[in-house]
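K.L.:
First the structure, then my questions, so here it is.
Here, each number is a calculation from the coordinates, and none is a lab measurement. These numbers were taken from a predicted model, which means no experiment stands behind them. With ideal geometry, Cβ positions are generated from the backbone for all residues, glycine too; neighbour counts draw on all protein chains shown.
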């Protein structure tokens, strides 16, 4: 987290979000490569690094882009959206364990490529719409969320 924070201070939260937003969709695909325990531990370390940077900079970005009077409201929206997305993402894998739910023979592993594609599409759709809001050592910021 400290290194991601320093990187965000130096180049901006948005640039770190772009880098980590490109890393996150790869995680489910890496799970398909091998079942070797050492390899999977490395994948999880990579996952932890990617998610740590993305989550840190997402929240930092939200703090920078909102006024103090609206910050709590936007943080609530952000966390609600994260919770709903996490639940929706876990649902197919959970349902695959219940043949009576109509998911006969579908293993959770078969959903991994879909997860990577959806994560990548989300990054490609939403990240380019954001504008940096805080001055960093290598650029200036603009207001992205109006608090009128």
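K.L.:
Rounded to the nearest 0.05, what FRET efficiency do residue 36 and residue 2 have when you use their Cβ-Cβ distance and R0 = 35 Å?
P.N.:
0.70
K.L.:
Next up: Sorted by average packing, counted as other Cβ atoms within 10 angstrom per residue and highest first, what order do 63-70, 15-22 take?
P.N.:
Highest to lowest by the protection proxy: 15-22, 63-70.
K.L.:
Which shape class, rounded, prolate or oblate, goes with the stretch 2-129 when its Cα gyration tensor gives a ≥ b ≥ c as root eigenvalues, a/c under 1.5 marks rounded, and past that a/b bigger than b/c marks prolate?
P.N.:
It comes out oblate by the Cα gyration axes.
K.L.:
Quickly work out the residue 68-to-residue 29 label distance, labels modelled 7 Å from Cα along the C-beta direction, and quote it in nm with one decimal.
P.N.:
4.5 nm
K.L.:
Quote to one decimal, in nm, the extra length available between residue 126 and residue 52 on full extension: 0.36 nm per residue of separation minus the C-alpha distance between them.
P.N.:
Answer, rounded to one decimal: 24.8 nm.
K.L.:
R0 = 41 Å: FRET efficiency of residue 91 with residue 10, Cβ-based, nearest 0.05?
P.N.:
The value I calculate is 0.60.
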